[in-house]
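Only the coordinates and a few stated rules stand behind these numbers; no lab work does. What you see is a predicted model; the values in this text were computed from it and never measured. No Cβ is skipped: glycine too gets one built from the backbone with ideal geometry, and neighbour counts run over all protein chains shown.
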Amino acid sequence: MIKLKKDSSYDIQGIKNESYHDCKFIFGPHVITAIDGQYFQTEFGVSNSDLNKEWWDIEEFKFTFIK
C-alpha cells in the first residue's frame with residue numbers, strides 16, 4: 001500500500017483490469033486533503049462538492065506522485 005502525504009499532489013488513476021463503471025471518482029491530478037488509515041479525501045471543486053466529503057480507499061487506485 002502506498003503512503004500518501006497530506007497536501008501533496010498525485011495523479012490518481014484506475015487500476016488496470018478493475019471496473020469503475022459505478023465509481024464517481026474523477027481521475028486526474030488531485031491534492032490529498034485528508035488521510036485516515038487506508039482512506040483519503042481530495043478536493044473536487046464546487047461543482048462536485050458532494051464528492052469532497054467522500055472517503056476513498058487507497059487500494060482502489062493507482063497514484064503517481066506529482067509534488
Q: Would you mind computing, in nm to one decimal, how far apart the modelled labels at A34 and N52 are, each placed 7 Å from Cα along Cα→Cβ?
A: 1.2 nm
Q | For K62, net neighbour charge (Lys/Arg +1, Asp/Glu -1) across residues whose Cβ lies under 12 Å away | A | -3
Q. N48: net charge of surrounding residues, Cβ under 14 Å, Lys/Arg +1, Asp/Glu -1, itself excluded?
A. -1
Q) What residues qualify as long-range amide H neighbours of K62, i.e. H under 5 Å apart, gap of 5 or more or another chain, H built at 1.01 Å from N? A) Q13, G14, I15
Q: Please give the residues of the stretch 28-53, grouped as numeric ranges, whose backbone N is less than 12 Å from a label point set 7 Å along the Cα-to-Cβ vector of K6.
A: 32-37, 41
Q: Using 0.36 nm per residue of separation minus the Cα-Cα distance, give me the extension gain between T64 and K16 in nm, one decimal.
A: 15.9 nm
(Q) Just to compare against my own numbers: the Cα pair-distance distribution for the chain, 5 Å bins, whole % per bin, please. (A) 3, 17, 31, 29, 16, 4, 0
Q. In percent, what relative contact order does the stretch 9-65 have, based on Cα pairs under 8 Å that are 6 or more apart in sequence?
A. 40 percent
Q) In the chain, how many lysine pairs have Cα atoms under 21 Å apart, counting only pairs 8 or more places apart or on different chains? A) 15
